[in-house]
1. I'd like the residue in the stretch 305-329 that is open to solvent by less than 10 Å² (accessible area, probe 1.4 Å) and touching a Leu at 6+ places or on another chain (Cβ under 7 Å) and, out of all such residues, is farthest from Pro154 (Cα to Cα).
2. Looking at the stretch 232-287 only, could you name the residues that are aliphatic (A, V, I, L, M) and closer than 27 Å to His64 by Cα?
3. Looking at the stretch 418-441, can you tell me whether even one residue there is farther than 23 Å from Leu44 by Cα and either modelled with pLDDT under 95 or more than 15 Å from the ligand (Cβ to nearest atom) (or both)?
4. Can you spot a residue in the stretch 394-413 that is at pLDDT 95 or above and open to solvent by 40 Å² or more (accessible area, probe 1.4 Å)?
5. Among the residues of the stretch 346-392 satisfying the criterion of being within 16 Å of the ligand (Cβ to nearest atom) and not aromatic (Phe, Trp, Tyr), which is nearest to Gly317 (Cα to Cα)?
6. Residues being more than 19 Å from the chain's Cα centre (by Cα) and more than 10 Å from the ligand (Cβ to nearest atom): count how many of those fall in the stretch 521-537.
7. Of all residues in the stretch 537-567 being within 21 Å of Ala370 (Cα to Cα) and open to solvent by 10 Å² or more (accessible area, probe 1.4 Å), which is modelled with the lowest pLDDT?
8. Within the stretch 591-627, work out how many residues are assigned to a strand (DSSP E or B) and open to solvent by less than 30 Å² (accessible area, probe 1.4 Å).
Amino acid sequence: MTQQTGAAESGPSSAATLDNLLSENRTFPPSEEFALAANATQALYDEASADREAFWGVQAERLHWDTRWTQVLDWSNAPFAKWFVGGRLNVAYNCVDRHVEAGHGDQVAIHWEGEPGDTRTITYADLRREVAKTANALISLGLSAGDRVAIYLPMIPEAVFAMLACARLGLTHSVVFGGFSAEALRTRIDDAEASLVITSDGQNRRGKVLGLKENVDTAVRDADSVRNVLVVRRTGNEVDWDDSRDVWWHDLVDGQSEEHTPEAFDAEHPLFILYTSGTTGKPKGILHTSGGYLTQAAYTHHAVFDLKPDTDVYWCGADVGWVTGHSYIVYGPLANRATSVMYEGTPNTPHEGRWWEIVQRYRVSILYTAPTTIRTFMKWGSEIPAKHDLSSLRLLGSVGEPINPEAWMWYREHIGAAATPVVDTWWQTETGGIMISPLPGVTAAKPGSAMGVLPGISAKIVDENGAEVSRGGGGYLVLDQPWPGMLRGIWGDEQRFRDTYWSRFRDESGPIYFAGDGAKYDSDGAIWLLGRVDDVMNVSGHRISTTEVESALVSHSSVAEAAVVGAADATTGQGIVAFVILRGGDADSADEGAALVKQLRDHVAKEIGPIAKPRQILVVPELPKTRSGKIMRRLLRDVAENRELGDVTTLQDSSVMKLISSGLAKPG
Ligand code: 6R9
């Protein structure tokens, strides 16, 4: 790996812990009872390997198609895939109406719980009405198929109504996480040229009200594309109002007709854009389309989470602002007629047992969350979940970053009564749905491993020349066959799409997809994910690019230069550590220095969002650079993680590291 330029400088720092991981030999097969009743059995692997495309054709039958496809896959124009060619469907009809038509209108779709404790119960019949009304409202605002809509909302049911109303009308939504700043929102609105922004007055966060509408006001100030802002009243705080642009949700949506006839769209009609961090400061608008995406979301949700729609209560603790929320709060579960829990707030408001109270109240049987959340619960102590009745849980899932075996064990033991299967699911915004995961009724899972590729998916680990590594070997994770939920491009940037994902490796049949993750096979052939090999950090499961944070820092007038690394963090997976060189004279005393560091942290939060706030900012006199001027983040990570320095011979000036390390010895 060390011969690769970009990758080597910032490769996964987990080499030391890897040996421990790979000696992990505990395995947890499903109980006989679970295996016997499981949705997915060994037969699924056999069917998929017999004929992959036919297999996906069968999976697509989970959906209602107005017009059946004529060809499962057209890969003739790789890397631009077409799945279910000629097929037509309506995504929202598949997630809502057809369940009502089949007699399940009274089934609860969403048990929603607000942070302050208010609740709403939304049946499939309610959902059908709300989505129809919202769709009619969007029509009345002059929107039509192909237009882009930015959705900037907290975790309230209107977020789901809005997404589904867009899907129903063939509008392409771009959900922007409510924790992002006005600036981040503006970039995303501009890039997609959204004509409508849907937001709320504010959001509840740890018992406080945070303004959302005010961020939108800032973001749309010079956004020519935006004609209207549709505002849900959630928190009741005062908001500025522009009569020519702003519309209250309750004024517009509530009075609409509850009837709306869905139109069928092409399988490749754009469903959504979701922005994710890349290795440059500019986020990438990942584009997903309809038929293939929904097929994979529904199939994986059925097979990996073993959903039994008549009896299960499913809860994915993500936010709709991330891809996990798209595929496993909205599209997958609703396509499968799940009864879900949706929770607005933070896990420790008003107390650290809030999640377990919710599990107990709704008898949640399937829970899906991220390792960072699990580690937080571990830190709070196992006596907290122990006070609640969690006996309804029968399956646990993890996503977002590698899960360390201790966290996996704790999750299974303290949340899953030492009995439930735990599925560690690897996938990305770009993949649309889960790619690598145990099947809960089949796989004997090892704590910390995502185990193997799902039936229908093809992936391997290759060395820098693209040759598959042998058991025990590590390298780069690639996806060597197209899959239905795959991204169809980066919005407005075909070249970046090719360069980022398809230019690194190819095989005899064409380009193959480079995931940007390091991985390793253990001696049994199980897959262990090792983290990103590019300049992307993973903080609490959120992808944040080092460059993005560096750009934010140098946009502050006191900063001359900045280098940012992700350092191992016991709770968040990685923490953001920034090294900054100040412009002369800005922080002459220790007090001034401390005040400035605080200012810088706030500045990053304002530019990107609170999730990008550096854990630590270290003021340094110099940064380590190679002769070609590339910052050696690997060395900075050594410093940030208090390790012996690695090889410094490629440094232009090897005394720099001494300077940095000695500077850090000082308090502050
Ligand atoms: C779904 C999601 C994608 C990146 C991915 C990888 C990391 C996600 C993981 C995992 C190890 C898992 N990642 N799941 N690493 N084990 N089970 O998180 O999408 O936000 O796009 O992040 O997250 O590094 O490349 P996204």
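1. If we take residues in the stretch 305-329 being open to solvent by less than 10 Å² (accessible area, probe 1.4 Å) and touching a Leu at 6+ places or on another chain (Cβ under 7 Å), then Asp306 is farthest from Pro154 (Cα to Cα).
2. Result: Ala264, Ala267, Leu271, Ile273, Leu274, Ile286, Leu287.
3. Of all residues in the stretch 418-441, those farther than 23 Å from Leu44 by Cα come to 418-419, 429-430.
Pick out the ones that are also either modelled with pLDDT under 95 or more than 15 Å from the ligand (Cβ to nearest atom) (or both) and you get 418-419.
Yes: one or more hits.
4. Checked against the condition, which is being at pLDDT 95 or above and open to solvent by 40 Å² or more (accessible area, probe 1.4 Å), the stretch 394-413 yields at least one hit.
5. Thr369
6. Counting residues in the stretch 521-537 that are more than 19 Å from the chain's Cα centre (by Cα) and more than 10 Å from the ligand (Cβ to nearest atom) gives 6.
7. Once the filter is applied, the top-ranked residue is Arg543.
8. Residues meeting the conditions: 3.
The values are calculated or read from the model by the stated rules, or taken from the named source; none is laboratory data. Note that the structure is predicted; figures quoted are calculated from it, not measured. We place every Cβ from the backbone using ideal geometry, glycine too, and count neighbours over all the protein chains shown. What goes into the accessible areas is simple: the full protein's heavy atoms, side chains included, and nothing from ligands, DNA or RNA. Shrake-Rupley method; radii C 1.70, N 1.55, O 1.52, S 1.80 Å.
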